[in-house]
Amino acid sequence: MPATTFTLHPLAPTLGAEIRGLDLSRPLSPATAAALAGALDRYLVLAFRDQTLSDADLVRVSGHFGPLDKAPITEHGRLHAPGFEEVYVISNVTENGRPIGALGAGESVWHADMTYLEAPPYASSLYALEVPAEGGDTGFLSMFAAYDALPEELKRRVDGLSIKHDSTTNSGGYLRQGFAPPVDLASSPGTVHPLVIAHPASGRKALLLGRRPHAHIPGLPVAESEALLDAIWAAAVRPELAWHHRWRVGDLVMWDNRWTMHRRDPFPGDQRRRMHRTQIAIPAEARRMEAA
Ligand code: SIN
């Protein structure tokens, strides 16, 4: 029998809702999947507790929201769950002397996933298989709230600008396999997107920052771009605007990757953390990030 009903419990003023009453290991009805997609659009982050999901379940549930992208290239190459190229493994665990996943145990800085691509994922889902006793929480930030938090003068400065999203380095600060460290930010590899994007239905504006390290505003000298980006980050990316998820084994958290950023706290390296993530591709009709 498909799972059909759920209740929704908002988590924070700017984003986040916990979804209760669904067992995601069972098939989802099209109506429930559509209601969840609507909830994701409205609340930007959805948390489901106490799930027991195989990789096939994770792929099936994520697939209700759109086609899945392959796991990204990490510091150790393309690390995916055995048999599932679309299931990215984020872990500090090593097996037979080899890392099974990316990002280690350090901080993962504020970022949106894979914005160095022309068409970054529309959403991501992260499922907790093993979690540390302390640390490793994941924070989320609404990029609508971040834009709203800018002083008016800064809003006027950023409107119409673009930003290059660095493709060399991941959110853990590790160089992706096959890339050289960026030397000149004006010419280093990456993809240019509008700095301010607008929700296609509401028109509400959001910042599209990607991540701070190695970003560059095309057309500005590097020093000027760095100063402007520092000012934007200081004004917009503020802890009081964020909500943090404390993980338990069996949690699945989905986020809308266009209108949010996330970061992970460090955790003790001698404790195991093992997460499986899918990347849900942006719908074909919206394959470019549209400027506001
Ligand atoms: C991610 O950056 O997608 C993963 C965050 C986490 O491991 O909490």
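When every residue of the range 273-284 is checked against the conditions, at least one turns out to be farther than 24 Å from ASP41 by Cα and not hydroxyl-bearing (Ser, Thr, Tyr). Residue under question is HIS76, and the condition is that it be of a type outside the set (Phe, Trp, Tyr), within 14 Å of the ligand (Cβ to nearest atom) and more than 14 Å from THR278 (Cα to Cα); does it hold? No, not satisfied. For the range 171-180, the set of residues classified as of a type outside the set (Gly, Ala, Ser) and loosely packed, with under 15 Cβ neighbours inside 10 Å consists of LEU175, GLN177, listed by residue number.
Scanning the range 171-193 for residues that are away from the ligand (no atom under 16 Å from the Cβ) and in contact with a His (Cβ under 8 Å, 6 or more places away or on another chain) yields GLN177, PRO182, LEU185, ALA186, SER188, GLY190, THR191, VAL192, HIS193.
Residue by residue, here is whether (1) at pLDDT below 95; (2) within 15 Å of the ligand (Cβ to nearest atom); (3) in contact with a Ser or Thr (Cβ under 8 Å, 6 or more places away or on another chain) holds:
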| residue | (1), (2), (3) |
| --- | --- |
| SER54 | no, no, yes |
| VAL87 | no, yes, yes |
| SER125 | no, yes, yes |
| ALA133 | no, no, no |
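Considering the range 248-266, and only residues there that are surrounded by 22 or more Cβ atoms within 10 Å (Cβ to Cβ) and near the ligand (Cβ under 10 Å from one of its atoms), the residue that is farthest from HIS64 (Cα to Cα) turns out to be ARG264.
Total residues in the range 212-244 satisfying the condition of being outside any helix (DSSP H, G or I) and surrounded by 21 or more Cβ atoms within 10 Å (Cβ to Cβ): the figure is 4. Scanning the range 162-170 finds one or more residues that are near the ligand (Cβ under 10 Å from one of its atoms), closer than 25 Å to ASP251 by Cα and surrounded by 22 or more Cβ atoms within 10 Å (Cβ to Cβ). When LEU22 is tested against (1) in contact with a helix residue (DSSP H, G or I) (Cβ under 9 Å, 6 or more places away or on another chain); (2) crowded, with 22+ Cβ neighbours inside 10 Å, exactly one condition is not met: (2).
Just to be sure, is VAL196 within 16 Å of the ligand (Cβ to nearest atom), more than 30 Å from ASP23 (Cβ to Cβ) and β-branched (Val, Ile, Thr)? So VAL196 does not fit the description; no. Checked against the criterion of being more than 17 Å from the chain's Cα centre (by Cα), assigned by TED's automatic domain parsing to the domain that holds ARG273, within 14 Å of the ligand (Cβ to nearest atom) and over 22 Å from ALA180 (Cβ atoms), the range 90-98 has at least one qualifying residue.
Does the range 104-120 include one or more residues that are hydroxyl-bearing (Ser, Thr, Tyr), assigned to a loop (DSSP other than H, G, I, E, B) and out of contact with any helix residue (DSSP H, G or I) (no Cβ under 9 Å at 6 or more places or on another chain)? Show your work before the answer.
First pass over the range 104-120, keeping only residues hydroxyl-bearing (Ser, Thr, Tyr): 108, 115-116.
Checking which are assigned to a loop (DSSP other than H, G, I, E, B) leaves us with 115-116.
Now narrow it down to the ones that are out of contact with any helix residue (DSSP H, G or I) (no Cβ under 9 Å at 6 or more places or on another chain): 115-116.
Yes; the residues of the range 104-120 include at least one that is hydroxyl-bearing (Ser, Thr, Tyr), assigned to a loop (DSSP other than H, G, I, E, B) and out of contact with any helix residue (DSSP H, G or I) (no Cβ under 9 Å at 6 or more places or on another chain).
Among the residues of the range 103-113, is any of a type outside the set (S, T, N, Q), under 23 Å from THR168 (Cβ atoms) and more than 14 Å from the ligand (Cβ to nearest atom)? Checked the range 103-113: no residue is of a type outside the set (S, T, N, Q), under 23 Å from THR168 (Cβ atoms) and more than 14 Å from the ligand (Cβ to nearest atom). Give me the residue from the range 136-148 that is surrounded by 18 or more Cβ atoms within 10 Å (Cβ to Cβ) and not in a strand (DSSP E or B) and, out of that set, nearest to the chain's Cα centre (by Cα). Out of the qualifying residues, it is MET143.
The values are calculated or read from the model by the stated rules, or taken from the named source; none is laboratory data. A quick note: this is a predicted structure, and the numbers were derived from the prediction, not measured. All Cβ positions, even for glycine, are placed from backbone atoms using ideal geometry, and neighbour counts span all protein chains on display.
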